[in-house]
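Chemist: Structure provided below as structure tokens; questions to follow.
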Amino acid sequence: MKEELERLKLEKLVEELKRKEGRGTELVTVCIPAGRPIAEVLDTLNQEYATASNIKDRTTRHHVLDALTAIINRLKLFRETPPNGLMIFAGYVAGDVPGREKLEIHLIEPPQKLKVWLYRCDSRFHTEILEEMIRVRDAYGLIVVERGEAAIGILRGKFLEVVDELTSGIPGKHRAGGQSARRFERIIEQMVHEFYKRIGEHANKIFLPIKDELRGIIIGGPGPSKQEFAEGDYLHYELKSKVLAVLDTGYGGEAGIYELLERAREILKDSQLLREKQAVNEFLYHLSRDTGLAVYGEEEVRGALSAGAVQKLLVSEGVSKVRVKAACAQCGYEFEATVDPAANGRYNLQCPRCGGQVQVVEEKLLVEDLAELAEKHGTEIILVSTNSSEGKELLRTFGGIGAILRYRLQRSA
């Protein structure tokens with residue numbers, strides 16, 4: 001769960017960094033490989049500082065030099081490079097109005113060992129290396145086959161994608177008898193064989209490039225075609241060896257892919273997508289039957305967590321709010337609050353006691369804050385993506401925060 005939460009934090013940070021823009025080529029990205037001495041890195045950056053001093057545009061020169069100074073000062077606090085290396089993003093980010101640029105610096109220890117050195121000044125931050133590191137690797141292939149159509153999908157972590165759909169154009173059964181019927185049947189069988197070959201070629205093209213990430217392939221369909229395809233030599237031998245099961249479905253095409261996911265529940269029991277779908281359905285079950293074992297909304301859920309009453313915490317990855325600790329500059333009052341950066345800006349807060357200006361002293365994702373509270377009471381934490389209909393409903397209808405309780409809570413009068 002900790003890894004999943006760290007991945008979510010990095011994903012949100014990457015999204016934030018990708019949205020930031022500089023006025024010119026003045027956003028600095030530095031990637032420091034694992035094991036590179038800090039002194040060597042500082043020497044290189046000092047050389048880049050000297051080079052940047054020759055930039056003709058005064059504002060761009062000033063912004064790049066400020067960013068490099070901030071990076072160098074931060075690196076001086078490190079005795080050595082972290083075990084996985086270090087990624088730094090620094091620069092003046094464009095504000096709402098020209099001239100209101102703000103210097104930002106982000107230091108990230110990557111989840112995997114960094115092997116390349118990168119120094120880049122651009123109008124954007126270069127996050128490609130970090131994006132590749134946090135990409136979910138494990139995948140399952142899904143193939144639905146019937147004589148009239150086929151579909152191919154990939155389940156990767158919490159995301160199911162229907163990658164390809166094919167139609168055969170094979171006509172229905174011939175009603176006439178005699179030699180004409182037998183000849184027609186032979187033509188049909190040849191067309192079926194060619195269609196299976198085409199499905200295999202498409203599947204090979206999709207799955208072979210990711211064969212090392214592929215944990216297995218599941219084949220399904222509403223008739224005997226799935227078995228004929230699975231038993232024939234249509235898939236590449238490296239893929240055929242990964243077939244885990246051949247299952248019945250009531251539908252073909254794209255609908256069949258989604259049904260196959262449900263039918264393969266036992267095989268895919270470790271799949272994150274199925275786990276979250278089951279949890280949301282359990283949550284909805286308790287709500288619809290008014291068992292008293294489900295609550296939603298930050299305030300209700302936070303109260304249940306504090307009481308140790310939550311068995312499963314469901315939080316949508318689509319929740320963008322942050323939890324902040326703030327202190328009033330006038331009366332010294334300290335408090336916590338949840339803010340929505342998209343709606344209000346992170347620091348648009350007033351002291352609840354005197355109405356004075358406050359200073360934010362700590363901030364974290366609301367998801368992270370609730371997860372920390374849940375861990376104190378041994379609560380199972382389920383991060384729910386927005387890739388499934390259940391995940392979308394949790395976010396849209398319940399604000400992205402729900403809980404399944406261990407016992408019913410007494411309502412205060």
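The values are calculated or read from the model by the stated rules, or taken from the named source; none is laboratory data. Worth saying up front: this structure is predicted, and the values here are computed from it rather than measured. Cβ sites come from the backbone with ideal geometry, for glycine too, and all protein chains shown count toward neighbours.
Chemist: Can you tell me how many residues within the stretch 231-262 are charged (D, E, K, R), surrounded by 14 or more Cβ atoms within 10 Å (Cβ to Cβ) and within 19 Å of LEU214 (Cβ to Cβ)?
Modeler: Residues in the stretch 231-262 being charged (D, E, K, R), surrounded by 14 or more Cβ atoms within 10 Å (Cβ to Cβ) and within 19 Å of LEU214 (Cβ to Cβ): 2 in total.
Chemist: Right, something else. Go through the residues of the stretch 273-294 one by one and say whether even a single one is modelled with pLDDT of 95 or more, within 30 Å of MET191 (Cβ to Cβ) and surrounded by 17 or more Cβ atoms within 10 Å (Cβ to Cβ).
Modeler: Within the stretch 273-294 (the criterion being modelled with pLDDT of 95 or more, within 30 Å of MET191 (Cβ to Cβ) and surrounded by 17 or more Cβ atoms within 10 Å (Cβ to Cβ)), the answer is no, since none of the residues qualifies.
Chemist: Related question: Just to confirm my filter: which strands (runs of 3 or more DSSP E) fall fully inside the stretch 35-152 and include at least 2 residues that are over 30 Å from SER271 (Cβ atoms)?
Modeler: 86-93, 102-108, 118-122
Chemist: Test ALA181 against the stated conditions and say whether it is surrounded by 20 or more Cβ atoms within 10 Å (Cβ to Cβ) and of a type outside the set (Phe, Trp, Tyr).
Modeler: no
Chemist: Which one of these is over 23 Å from LEU373 (Cβ atoms), among the basic types (Lys, Arg) and in the same structural domain as ILE217 (by TED's automatic domain parsing): ARG265, ARG289?
Modeler: Exactly one of ARG265, ARG289 is over 23 Å from LEU373 (Cβ atoms), among the basic types (Lys, Arg) and in the same structural domain as ILE217 (by TED's automatic domain parsing), namely ARG265.
Chemist: Residues of the stretch 383-410 being outside any helix (DSSP H, G or I), of a type in the set (S, T, N, Q) and over 19 Å from the mean Cα position of the chain (by Cα), which ones?
Modeler: GLN410
Chemist: Can you pull out every residue in the stretch 117-152 that is basic (Lys, Arg) and within 19 Å of the chain's Cα centre (by Cα)?
Modeler: Across the stretch 117-152, the qualifying residues are ARG135, ARG137.
Chemist: Among the listed residues VAL339, VAL361, which satisfies the condition of being of a type in the set (Val, Ile, Thr), farther than 27 Å from PHE398 by Cβ and touching an Asp or Glu at 6+ places or on another chain (Cβ under 9 Å)?
Modeler: Unique residue meeting the criteria: VAL361.
Chemist: Output the number of the condition that PRO110 fails; it satisfies all remaining conditions of (1) surrounded by 14 or more Cβ atoms within 10 Å (Cβ to Cβ); (2) over 30 Å from LEU274 (Cα atoms); (3) in contact with a Gly (Cβ under 8 Å, 6 or more places away or on another chain).
Modeler: Status for PRO110: all satisfied but (2).
Chemist: Further, regarding this structure: Cβ-Cβ distance below 9 Å, separation of 6 or more or different chains: which pairs start in the stretch 1-13 with a residue that is on the phi > 0 side of the Ramachandran plot and in the same structural domain as SER316 (by TED's automatic domain parsing) and end on one that is part of a loop (DSSP other than H, G, I, E, B) and at pLDDT 80 or above?
Modeler: That search, which allows pairs on different chains as well, returns nothing.
Chemist: Hey, another quick one. Yes or no: the stretch 196-205 includes at least one residue that is polar (S, T, N, Q) and within 29 Å of the chain's Cα centre (by Cα).
Modeler: Yes, the stretch 196-205 contains at least one residue that is polar (S, T, N, Q) and within 29 Å of the chain's Cα centre (by Cα).
Chemist: Determine the pairs where a residue that is under 16 Å from ASP290 (Cβ atoms), located within the stretch 388-413, has a partner that is of a type in the set (S, T, N, Q) and at pLDDT 90 or above with Cβ atoms under 7 Å apart, the partner being 6 or more residues away or on another chain.
Modeler: Once the first residue is under 16 Å from ASP290 (Cβ atoms) and sits in the stretch 388-413, its partners that are of a type in the set (S, T, N, Q) and at pLDDT 90 or above give ILE404/GLN311; LEU405/GLN311.
Chemist: Hey, among the residues in the stretch 205-248 that are of a type outside the set (A, V, I, L, M, F, W, C) and assigned to a strand (DSSP E or B), which one's modelled with the lowest pLDDT?
Modeler: The qualifying residue modelled with the lowest pLDDT is ARG215.
Chemist: Just to be sure, is ALA255 under 30 Å from VAL384 (Cα atoms) and either in contact (Cβ under 8 Å) with a residue 12 or more places away in the chain or among the small types (Gly, Ala, Ser) (or both)?
Modeler: Criteria met by ALA255.
Chemist: Inspect the stretch 167-187 for any residue being closer than 26 Å to GLN272 by Cα, in a strand (DSSP E or B) and assigned by TED's automatic domain parsing to the domain that holds ALA264 and give the result as yes or no.
Modeler: no
Chemist: Looking at the stretch 49-70, can you tell me whether even one residue there is in contact (Cβ under 8 Å) with a residue 40 or more places away in the chain and closer than 29 Å to VAL367 by Cβ?
Modeler: Looking for residues that are in contact (Cβ under 8 Å) with a residue 40 or more places away in the chain and closer than 29 Å to VAL367 by Cβ, one finds none in the stretch 49-70, hence no.
Chemist: Which members of the stretch 380-406 meet the condition of being buried (at least 21 other Cβ atoms within 10 Å of the Cβ) and at pLDDT 95 or above?
Modeler: Across the stretch 380-406, the qualifying residues are LEU394, GLY400, ILE401, GLY402, ALA403, ILE404.
Chemist: Let me ask something additional. With the condition kept exactly as written, say whether any residue in the stretch 101-117 is on the phi > 0 side of the Ramachandran plot, outside the structural domain of LYS197 (by TED's automatic domain parsing) and of a type outside the set (S, T, N, Q).
Modeler: no
Chemist: Could you list, in sequence order, all residues of the stretch 288-326 that are touching a Ser or Thr at 6+ places or on another chain (Cβ under 6 Å) and among the small types (Gly, Ala, Ser)?
Modeler: Hit for the stretch 288-326 is GLY318, nothing else.
Chemist: Still on this model: Can you name every residue in the stretch 299-315 that is under 14 Å from GLU372 (Cβ atoms) and surrounded by 16 or more Cβ atoms within 10 Å (Cβ to Cβ)?
Modeler: Result: VAL301, ARG302, LEU305, VAL310, LEU313, VAL315.
Chemist: Which of the residues spanning the stretch 219-240 are farther than 14 Å from ILE199 by Cα and in contact with a Leu (Cβ under 9 Å, 6 or more places away or on another chain)?
Modeler: GLU238, the sole residue that qualifies.
Chemist: Mind checking which strands (runs of 3 or more DSSP E) fall wholly inside the stretch 258-359 and carry at least 1 residues that are in contact (Cβ under 8 Å) with a residue 24 or more places away in the chain and of a type in the set (Phe, Trp, Tyr)?
Modeler: Filter on the stretch 258-359 gives 294-296.
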